[in-house]
Amino acid sequence: MPYIVSTALVATVKTGKGAMPPGGMCIDCTDEDYKKVIEYMSKQEM
Ligand code: HEM
């Protein structure tokens, strides 16, 4: 089953949060790019 990345998380990344800069400092990332990165981060083993 595919992992569905929340559009709310993509919106938070674009806005920035706490110590995270808006867009994660990426100047040319698309929403699709952010979804892929968040999905990748979400799969990392602790
Ligand atoms: C494309 C690159 C990045 C992506 C996709 C990304 C994604 C995320 C996501 C999804 C969260 C969780 C937001 C939430 O809880 O609602 C987060 C939190 C955070 N990120 Fe990033 N991030 C990126 C780049 C960065 C960079 C470059 C920094 C630091 C220079 C950073 C620092 C942080 C910090 C400090 C938080 C915790 C914010 C808080 O809860 O106060 N991130 N990030």
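List every residue pair whose Cβ atoms lie under 6 Å apart, where the two residues are 6 or more positions apart in sequence or sit on different chains, the first residue falls within segment 16-34 and is within 24 Å of residue 4 (Cβ to Cβ), and the second residue, located anywhere, is within 7 Å of the ligand (Cβ to nearest atom).
24/13; 34/13
Applying the selection to segment 1-33, what residues are surrounded by fewer than 13 Cβ atoms within 10 Å (Cβ to Cβ) and hydroxyl-bearing (Ser, Thr, Tyr)?
Residues satisfying the conditions are 3, 6, 7, 15, 30.
Conditions: (1) more than 6 Å from the ligand (Cβ to nearest atom); (2) in contact (Cβ under 8 Å) with a residue 24 or more places away in the chain; (3) β-branched (Val, Ile, Thr). Residue 38 meets all but one. Number of the miss?
With (1) more than 6 Å from the ligand (Cβ to nearest atom); (2) in contact (Cβ under 8 Å) with a residue 24 or more places away in the chain; (3) β-branched (Val, Ile, Thr) applied to residue 38, the lone miss is (1).
I need the full set of residues from segment 21-46 which are over 18 Å from residue 8 (Cβ atoms) and modelled with pLDDT of 95 or more, in order please.
Correct list: 21, 25, 26, 28.
The values are calculated or read from the model by the stated rules, or taken from the named source; none is laboratory data. Since the model is a prediction, treat every value here as computed from it, not as a measurement. With ideal geometry, Cβ positions are generated from the backbone for all residues, glycine too; neighbour counts draw on all protein chains shown.
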